[in-house]
Amino acid sequence: MSPTEAMPTPRRDDPAHRAWLAAQAEALFNFFQPNLIVASGGFANLDERGRPMPAERVRPLHETTRMVHCFAIARLLGRKGADDIIDHGVKAIRTRHRDARHGGYFWSFDDHGPRERDKLAYGHGHVLLAAASAKCVGHPEADALIADIAEVIATRFWEADWGASAEEFREDWTPFSAYRGQNANMHLTEALMAAYEATGERDFLDKAESIADLILRRAAAGNGWFVPEHYTDRWQVDRDYKGSDMFRPFGVTPGHALEWTRLALQLWELGGRRLAWLPDAARSLLERAVGQGWDKTRGGLYYTLEWSGAPRVRDRLWWPCCEGIGAAAFLAAHGGGELADDWYARFWTFADQHLIDRRWGGWRPQLDDSLQPVERYFTGKPDLYHAVQACLIPLYPADASLTRGIINAAAKRAKDATS
C-alpha cells in the first residue's frame, strides 16, 4: 500500500489500516534517512522537503539521542543502513556530547565543539533511552553507555528524598536554579523502563515507579488529572511558572497527559500489574486531556491550556496528536472500550487530514488556529521520534516498549515457525 493513499478506516484490528500504518512508518524513515548524517558529528535538521539545513546549526542532545532510538527501531524492523546511523549517533553522544572532564553530557554542540554546556535532566534521560535502544540491537558500546549514564543519573540527578530527578546544573555540576519539572521526569520514566527491559536491573524500574507515583498519583490526581508541569525544589506545584514555550510553557500541556497515559499502562505491565492505581489513572488522564484540550469545532489538540481549562496557546503541534494515538492504542488494549476506539480514530483522522505532508513527506510540526502550517517553534521537519512511534505502536501488543514489542514479536514468529 502506498503511503500517499487515503487512510482506511482507523480501526486497530483492520488489516488495511495496519498495512497503511506500516507504509507510513516506512515513508517516514525514507524521508529522514538519506540526508541525516553530518560528517562532523550528529545529525542534520531537515527542511520541509527533507533537505539538510546548514551543518553549523546547533545539534541538541535530545535530537541526537532520539535518532539513535528511532534507527534502533528501524534496525529491529530490518531496515538497511540503520546500523550506520546508530553508530554515528552513539559516536556523537560519546565524543561530542559527553563532558570528559566533569562527566555527564552537554546539551548541544556545533562544528566548533560544545555549545550549550549545561547538564539537563531532559537530555540525560534521552541518553539512557538511546543507550537502552542501542543495547536492544547489540551495539558494542551500549553497555558502557548504559553504565555511564546510569551512574550520572544516580549520583548527580536523582533526589532520593523526593523520588525523582533534579533538573539542571552548570557544566561543573553547580546548581543554578530551584526548578523541578515533570517533562524531564516523564521522559526519564520512559528511558528507565527501556533500560529495565534491556538489562533486567530492578533499580531502573523502581525509579520509574517512584516518578510516576509523584507526578501522577499525587500531583495529577490532586489537580483533577491535569498534569502539573512545574515545581519548586520541594516538589510543590508552581502554577505561576512560565519558561520557554517550547520546553516549559505556562499552564497545562494536554499532550503530556496523553504521553503519560501510555507510559502508565506500560509501567503497570512492566511491574507485573502490582500498582493497581495505574490503569484508572491512565484513563483519567486521557479523559481530562481530550475533554479540555480538543477543539470541538475544528479538531486537534490545543498546545497549552490555562489552569481553568480554557485554551492558551491555540496552535496544534504534531506531537500531542502522535501521543494521543499511542495513548488511545494502549488504552484500547486495556479495556478502554468505545472511548479509546473513538479517540484513536479521531487522532488518526486529524493527522491524516492535516499533519501528514503528502507533497514533500514527513509530518507538519505546527498548525495555527485555522489549521494552516506555520513556523513558530520549529523550522522544517524537526522530528522522527513522535510520528514514527505513532505509526508503529498500534501494530504491537500494549505490554512493553516499542523496541521490546518488536523483539517479542520476532521471537514469537521464530518460535511459531519451528513448532
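What to note about this one:
- Whichever residue in the range 373-387 is part of a loop (DSSP other than H, G, I, E, B) and within 15 Å of the chain's Cα centre (by Cα) and, among such residues, is surrounded by the most Cβ atoms within 10 Å (Cβ to Cβ): Leu384
- Matching residues in the range 246-283 - criterion: being within 12 Å of Val227 (Cβ to Cβ) and in contact with a strand residue (DSSP E or B) (Cβ under 9 Å, 6 or more places away or on another chain): Gly251, Val252, Thr253, Pro254, Gly255, Leu258
- Filtering Ala400, Ala390, Ala409 for residues that are outside any helix (DSSP H, G or I), small (Gly, Ala, Ser), modelled with pLDDT of 95 or more and not assigned by TED's automatic domain parsing to the domain that holds Trp294 leaves a single hit, Ala400.
- Selection status of Ala195, in the same structural domain as Ala142 (by TED's automatic domain parsing) and touching a Ser or Thr at 6+ places or on another chain (Cβ under 8 Å): no
- All helices (runs of 4 or more DSSP H) inside the range 1-104 with 2 or more residues being out of contact with any Phe, Trp or Tyr (no Cβ under 7 Å at 6 or more places or on another chain) and surrounded by fewer than 20 Cβ atoms within 10 Å (Cβ to Cβ): 15-32, 82-92
- For Pro140, the conditions (1) touching a residue at least 12 places away in the same chain (Cβ under 8 Å); (2) within 26 Å of Gln389 (Cβ to Cβ); (3) not polar (S, T, N, Q) are fulfilled apart from (1).
- All of (1) touching a strand residue (DSSP E or B) at 6+ places or on another chain (Cβ under 7 Å); (2) farther than 16 Å from Asp233 by Cβ; (3) of a type outside the set (Phe, Trp, Tyr) hold for Val152 with one exception: (1).
- Residue count for the range 295-317 under the criterion of being basic (Lys, Arg), more than 15 Å from Leu258 (Cβ to Cβ) and assigned to a strand (DSSP E or B): the result is 1.
- Scanning the range 60-99 for residues that are touching a helix residue (DSSP H, G or I) at 6+ places or on another chain (Cβ under 9 Å) and of a type in the set (Val, Ile, Thr) returns Thr64, Thr65, Val68, Ile73, Ile85, Ile86, Val90, Ile93.
- Among (1) under 19 Å from Trp107 (Cα atoms); (2) out of contact with any helix residue (DSSP H, G or I) (no Cβ under 7 Å at 6 or more places or on another chain) - the single one Arg218 does not satisfy: (1)
- Number of positions in the range 167-193 that are in contact (Cβ under 8 Å) with a residue 60 or more places away in the chain and either closer than 22 Å to Asp206 by Cα or not hydrophobic (A, V, I, L, M, F, W, C) (or both): 16
- Odd one out for Ser370, checked against (1) buried (at least 19 other Cβ atoms within 10 Å of the Cβ); (2) outside any helix (DSSP H, G or I): (1)
- Residues that are on the phi > 0 side of the Ramachandran plot and hydrophobic (A, V, I, L, M, F, W, C), drawn from the range 308-349: none
- The residue list His69, His112 contains one member that is out of contact with any strand residue (DSSP E or B) (no Cβ under 8 Å at 6 or more places or on another chain), closer than 26 Å to Phe169 by Cβ and at pLDDT below 95, which is His112.
- Answer residue from the range 152-167, given it is in a loop (DSSP other than H, G, I, E, B) and either of a type in the set (Gly, Ala, Ser) or touching a helix residue (DSSP H, G or I) at 6+ places or on another chain (Cβ under 6 Å) (or both) and is nearest to Pro249 (Cα to Cα) among those: Glu167
- Tally, over the range 328-349, of residues that are within 13 Å of Trp294 (Cβ to Cβ) and either surrounded by 24 or more Cβ atoms within 10 Å (Cβ to Cβ) or under 17 Å from the mean Cα position of the chain (by Cα) (or both): 3
- Among (1) over 18 Å from the mean Cα position of the chain (by Cα); (2) charged (D, E, K, R); (3) within 30 Å of Pro34 (Cβ to Cβ) - the single one Glu306 does not satisfy: (3)
- Condition met for Gly324 (more than 16 Å from Gly293 (Cα to Cα), in the same structural domain as Pro254 (by TED's automatic domain parsing) and of a type outside the set (Lys, Arg)): no
The values are calculated or read from the model by the stated rules, or taken from the named source; none is laboratory data. Quantities reported herein were computed from a predicted structural model and do not represent experimental measurements. Methodologically, a virtual Cβ is constructed for each residue, glycine included, from the backbone with ideal geometry; neighbour enumeration extends over all protein chains shown.
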